[in-house]
Amino acid sequence: GPKNTEAKVVIIGLVNSGKSTIMQQLKPRDITMTKLTPNIPIGMTAERFVFKTLTFVAFDLEDIQNGFGNPWEDHYRDCHGVIFVVDSADRMNTPLVRIQLDKMLRNPLMEKRHEIPILILANKTDQPGAVPSLQLAQLLELSHLNRPWHIVCSDGLTGEGLNEAMDWLAHRLR
Ligand code: GDP
């Protein structure tokens, strides 16, 4: 189990989906979050915190011009779990979310690691017009995933939903 062994969780999603806000909720108060900067000057940052044996790294999933891959995708190589954050109130962006989800799952560093669980957070559930999690699961075709997955509605501002979500993930980290 994850109790005595190191585990790394990557938190990914589009810009503005709520990754930083959720990181703040997950980290203990006295732990600081570190901003990471890439070697190549494309202005994409990532954030990280370490708590005991658990490391959380968050970064944006965006298309990058000029043939660069995401400078952070190397974290797929040694991660034990993925938290995929979706702004469920931003219906217009759902097709893009699906593209980015597929792209992440087809990444060679991730594709063959079927054991890696993916937790989908339907975040901003407090917003009027937020897509219900069942509908979001259908739009993203989560039933086609060949790995453990779970979708939970969350409110990054209050932390609502995060306990249930993290319980699910914690039981599947190894
Ligand atoms: P990131 O770019 O994915 O790291 O997104 P942020 O964590 O910076 O959040 C983007 C914006 O959405 C900020 O203004 C947050 O306060 C807000 N936000 C994050 N989660 C929620 C949520 O669950 N509900 C609402 N209403 N706003 C949220």
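What follows draws every value from the coordinates through simple rules; no lab data is involved. Predicted model, so just to flag it, every value in this text is computed and none were measured. Every residue, glycine among them, receives a Cβ derived from its backbone with ideal geometry; neighbour counts consider all protein chains shown.
Quick look at the numbers
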item: FRET efficiency, Thr53 to Ser20 (Cβ-Cβ, R0 35 Å, nearest 0.05); result: 0.95
item: Share, in percent, of DSSP beta bridges within segment 83-174 that are antiparallel, nearest 5; result: 10
item: Contour excess over end-to-end distance, with Cα ends at Gln135 and Met166 and 0.36 nm allotted per residue; result: 9.0 nm
item: The chain pair-distance distribution - Cα-Cα, 5 Å bins, rounded %; result: 1, 8, 18, 23, 23, 16, 9, 2, 0
item: Positive dipole terminus of the chain, leading residue within Ser133, Gly159, Pro117 (C-beta point charges); result: Pro117
item: Under 12 Å between alpha carbons - lysine pairs in the chain that sit 8 or more apart or on different chains; result: 4
item: q = 0.15, 0.16, 0.25 Å⁻¹: log10 I(q)/I(0) that the Debye formula gives for segment 127-174, counting C-alpha atoms only; result: -0.48, -0.54, -1.05
